[in-house]
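Each value in this text was obtained by applying a stated rule to the coordinates, not by laboratory testing. Treat the numbers as computed from the prediction; the structure is a model and nothing was measured. FYI the Cβ positions are ideal-geometry reconstructions off the backbone, even for glycines, and counts take in every protein chain you see.
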Amino acid sequence: MSHAKPPTHLAPTHPRAISVTIPDTWTPEQALAVFELVDELRETIFALYGCQMQDLLQEQQGCFEFNEGDSPVTDSPF
């Protein structure tokens with residue numbers, strides 16, 4: 001069985017990034033419908049997974065400590 005490579009326009013350019021092409025031929029109504037769908041998806045995903053996503057983001061970005069001036073301080077010198 002042969003494994004076909006995904007089409008170039010669907011292949012991620014970075015392991016965590018997905019390239020999405022948005023047509024420039026949409027009507028304003030079509031653009032608004034997609035925008036509203038994405039917004040609703042975002043809200044629903046956050047409602048279901050918000051705490052878990054925040055924990056994961058903190059893990060991925062490292063632990064931040066805040067000093068008295070509320071400026072983030074990290075363990076890394078970078």
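Take the Cα of residue 26, step 7 Å toward its Cβ, do the same at residue 42, and the gap between the two points is 1.3 nm. Each label point was placed 7 Å from the Cα along the Cα-to-Cβ direction; for residue 49 and residue 34 their separation is 2.2 nm.
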